[in-house]
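Everything below concerns the one structure shown next.
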Amino acid sequence: MRLALGAACAAAAAATAAIALATRARSALTYRLAPGSMRGLRAVVTGATSGIGLATASALAAAGAELVVLAARDARAGEAACAAVRARAARGCVVLCAPLELTSAASVRDFADAYVARHGQLDVLVCNAGAMLRAREVAAEFGGAERTYAIFLGHALLLRRLEPALAASRRERPDARPRVVHVVSSLERRAPALLDAAGQLRVDDALAPRAFSTTGAYATAKCAQLAYVQELQRRRGAELVSVAVSPGVVNTRLDRFLPSPQRAIAHVLKPLLLRTAAKGAETVLYAMSAPASVVAGAYLRDCAPLRPSAQASSALFADRVWRHAEQVCDAALAGAPRA
């Protein structure tokens, strides 16, 4: 029995060591922003109070960005995140927090208009915020869209409303187009078919109450977002650089949307099995700093190209997603004062 117990302990120790080594390998950083490489740039990061967003904002500030704005749903969490970013910021970097609820068209308008009025220029927009919801919710201000999908639509509206700041960046930096980096997910491959036989978008059907699932809704939103990123580059590539990033499986707070039993299990296993937020942010940093000729319109993971699903790479699907997002944004902006 003693021999068996000793063997079991040795096996457990070996397994623990193997996990620890694998974790270090997954978390070892291979791409960093050079000191001063972001000097003079102004950036906005959504979903910046924790996880990949916080790691991205911290890296931008440490690399000498002139301004880093953390867009946050929760004011208290936003101020705490700002304090953490300021602690790492290079001299002269201004770090601010501003309220933003992406499923509220009014909140998006208020955030963008305040940014344009106060800061004028925007060089980097990181669309990082996302959610995995346990139950179906709708966003009334986005035509009753399911809330996971509405976060993607909120980013599309944010981009539209920030256009004066992006235009200012083009004027001030004529040799460099502003960057728009969207954080997506390889789960986009699990999205259901989102075009019907006539080639029309059927997002509402896919996210209807009878069809709703946490993973399905998240995959649907990320598939549409990935297609939108590529269509954005096709349509506006002369004005900006649009990039999509899959950060890998990262230890973030997305599990807070899971039911309690799964959340408890995830809390124990995440530190052992998942990448750190800093590692997850690595390709985001690459997307915002690598030559435009390398990353424009790209879908990246681990600082290298990744093949999208057949659906996300479909030109017809991308066109339909774009048109739908534009229609929803037009309706959301109807009657709002011009930026």
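None of the figures in this text is laboratory data; all of them are computed from the coordinates on show. What you see is a predicted model; the values in this text were computed from it and never measured. As a convention, Cβ positions derive from the backbone with ideal geometry for all residues, glycine included, and neighbour counts pool all protein chains shown.
Our coupling estimate for segment 83-100, obtained by passing each phi through the Karplus curve with A = 6.51, B = -1.76, C = 1.60 and θ = phi - 60°, is 4, 5, 5, 4, 5, 9, 5, 6, 4, x, 6, 9, 10, 10, 10, 9, x, 8 Hz, Gly and Pro reported as x. Simple spin-label estimate for residue 176 and residue 94 gives 1.8 nm between the two label positions (7 Å along the Cα-to-Cβ direction from each Cα). With a Förster radius of 25 Å applied to the C-beta separation of residue 330 and residue 200, the computed FRET efficiency comes to 0.85. For segment 118-131, backbone phi angles converted through the Karplus equation (6.51, -1.76, 1.60; θ = phi - 60°) give residue-by-residue couplings of 8, 10, x, 10, 9, 9, 9, 10, 10, 8, 9, 4, x, 8 Hz, Gly and Pro being listed as x. Shape of segment 76-204 from its Cα gyration tensor (a ≥ b ≥ c, root eigenvalues): rounded if a/c is under 1.5, otherwise prolate when a/b > b/c, or oblate? In terms of gyration-tensor shape, prolate. Could you let me know the centre-to-centre spacing of segment 276-339 and segment 69-121, using Cα atoms, in angstrom? If you average the Cα positions of each part, the centres end up 21 Å apart. Taking amide H as placed 1.01 Å from N in the peptide plane, the amide H of residue 300 sits under 5 Å from that of 244, 245, 246, 306, each at least 5 places away or on another chain. Hey, quick one: spin label on residue 292, modelled 7 Å out along Cα-Cβ, who in segment 77-121 has an amide N within reach, i.e. under 19 Å? Backbone N within reach: 121.
May I ask you to work out the translational diffusion coefficient for segment 37-333 at 37 °C, viscosity 0.692 mPa s, via Stokes-Einstein with Rh from the Kirkwood sum over Cα pairs, reported in whole µm²/s?
It diffuses with D of about 172 µm²/s by this estimate.
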